[in-house]
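Each remark here refers to the structure printed beneath this line.
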Amino acid sequence: MQIRMPFEEVHKYFADHYQKDVDIRYVDEKTMSIGTTLKVGPFTKDVSVGLAVEKVEDNDLFLSSTSGLLVDLIINAIVSYLSKNGQYSQIIDKCPDDIFAVRLSKMDKLKKTFDALTLRNVSFDGSSIILDANIK
């Protein structure tokens with residue numbers, strides 16, 4: 001089964017829940033770019049992060065960042081911190097080669113979903129995130 005989440009819906013979710021304007025763009029079948037404008041004092045800066053799906057295994061999503069040295073360093077530091085501390089240590093794991101795993105079935109809001117589904121693949125097209133899954 002395929003589940004499609006249009007970029008527009010993800011954008012609306014971030015706007016409604018986090019009051020953030022997030023720009024999501026298709027790069028290729030395995031990569032999307034997520035951008036936003038950061039405001040620090042009187043300065044504003046557009047920042048984007050490319051996220052590439054490396055593999056999907058046992059409802060775990062293995063991602064890498066393709067954003068350039070500075071942003072990749074910041075992301076790796078954040079992932080390292082989250083994987084070792086607090087409530088996110090069960091959800092995010094730092095892996096070799098600048099890859100990080102997101103344990104989707106460990107997220108409280110997704111647990112019931114992944115009790116019923118096995119994720120096989122995640123890909124992107126020009127307007128959507130595509131989840132390919134099997135019903136258990």
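Helix 69-84 axis versus longest C-alpha principal axis of the chain: approximately 50°, rounded to the nearest ten.
A Förster radius of 30 Å combined with the Cβ-Cβ distance from Thr118 to Lys39 puts the calculated FRET efficiency at roughly 0.15.
Note on the range 1-64: with charges restricted to the Cβ of Lys and Arg (+1) and Asp and Glu (-1), its dipole about the Cα centre is near 300 debye. Computed with the Debye formula from one identical point scatterer per Cα of the chain, without solvent, the log10 of I(q)/I(0) at q = 0.14, 0.15, 0.19 Å⁻¹ comes to -0.72, -0.83, -1.37. In plain terms, the chain from Ile74 to Glu9 could stretch by 20.7 nm, reckoned as 0.36 nm per residue minus the Cα-Cα distance.
Would you mind classifying the range 50-95 by shape? Square roots of the alpha carbon gyration tensor eigenvalues, ordered a ≥ b ≥ c; an a/c under 1.5 is rounded, otherwise it is prolate if a/b is larger than b/c and oblate if not. Oblate, because a/c is 1.5 or more while a/b does not exceed b/c. Spacing of the modelled spin labels on Asn134 and Asp97, each 7 Å from Cα toward Cβ, amounts to 2.5 nm. Subtracting the Cα-Cα distance of Asp28 and Gln90 from 0.36 nm times their residue separation leaves 19.4 nm of extension gain. Among Asn85, Ser65, Met1, whose Cα sits farthest toward the positive end of the charge dipole of the chain (+1 at Cβ of Lys/Arg, -1 at Cβ of Asp/Glu, about the Cα centre)? With unit charges placed on the Cβ atoms, the residue in question is Asn85.
Calculated [222 nm] ellipticity per residue, helices only, for the chain: -7500 deg cm²/dmol; basis is -39500 (n - 2.57) per DSSP H run with n ≥ 4, divided by all residues, nearest 500. By accessible area, using a 1.4 Å probe on protein heavy atoms only, the range 25-69 has 55% of its surface on carbon and sulfur. With protein chains left intact and a 1.4 Å probe, residues in the range 9-136 average 65 Å² of accessible area per residue. Against the empirical 2.2 N^0.38 Å (N residues), the range 1-73 has a Cα radius of gyration ratio of 1.25.
The values are calculated or read from the model by the stated rules, or taken from the named source; none is laboratory data. It should be emphasised that the depicted structure is a prediction, and the values quoted were computed from it without experimental measurement. Don't worry about glycine lacking a Cβ; one is built from the backbone with ideal geometry, like all the others, and counts go over all protein chains shown. Surface areas here come from the heavy atoms of the whole protein model, side chains and all, with no ligands, DNA or RNA. Shrake-Rupley method; radii C 1.70, N 1.55, O 1.52, S 1.80 Å.
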